[in-house]
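What follows draws every value from the coordinates through simple rules; no lab data is involved. Source: prediction; values computed, not measured. Methodologically, a virtual Cβ is constructed for each residue, glycine included, from the backbone with ideal geometry; neighbour enumeration extends over all protein chains shown.
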Amino acid sequence: MSTPSLGEILRTEVAGKKASCLLQLEQQAAEKGICAERDLQVVKDFFHMAITQFTSSILARIEVKPMIIGNGHSEAVAAVLQTYRWKRENGISQPGHPYHAVWVTFAAWCAENELHPHIDYFCDCVGKQSWHVLTVDPVTH
């Protein structure tokens, strides 16, 4: 019997933490009621859609288009995530965000597939419209 590699051990640890943090978030939503559960599902669905879209594009070897949050795109998830309040220190990718566990699961999927996820802020420069763009890039070794 072979000894597991460091990568296999780390994957097992990350998967355990990922399930645990998401499970905790789901339990909290269940305690808060149907609206909280629906909001969590909106966020989970958005990131599942991102995984599906990115995977399909990569496998088809076509341009990987970003997922836009806000400015007429994915407005439901933008409202739930309150993206209009995001700054560098409080977006979903930061541990203090209420839906960070969903980001952790998405980031773990990205890591397993050698992708680097990031969310960038964009605006119209006149203060009327702003949005965020979710993209993935290949991890460079």
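Observations, loosely collected:
- In loop segments of the range 44-141 as defined by DSSP, the trypsin sites (Lys or Arg not before Pro) with at most 15 further C-beta atoms inside 10 Å of their C-beta are Arg61, Lys87, Arg88, Lys128.
- The distance separating the Cα centre of the range 97-120 from that of the range 57-74 comes to 16 Å.
- The chain: DSSP helices with Cα axial extent of at least 20 Å and average Kyte-Doolittle hydropathy no lower than -1.0: 6-32, 34-60
- At an R0 of 25 angstrom, the distance between the Cβ atoms of Ser56 and Val126 translates into a FRET efficiency of 0.10.
- Of Thr55, Thr83, Thr105, the one that fluctuates the most in a GNM where the chain has Cα springs shorter than 10 Å: Thr55
- Inter-probe distance in nm under a simple model that places probes 7 Å from Cα toward Cβ, at Ala30 and Val139: 3.2 nm
- Rough spin-label spacing in nm, given labels placed 7 Å along Cα→Cβ, for Ile68 and Leu23: 3.9 nm
- Largest GNM mean-square fluctuation across Ile119, Ile92, Ile34, computed for the chain with C-alpha springs under 10 Å, falls on Ile34.
- Residues of the chain were split at every exposed loop site, defined as GluC sites (Glu not before Pro) in a DSSP loop with at most 14 other C-beta atoms within 10 angstrom, and the longest piece left, sites excluded, is 1-62.
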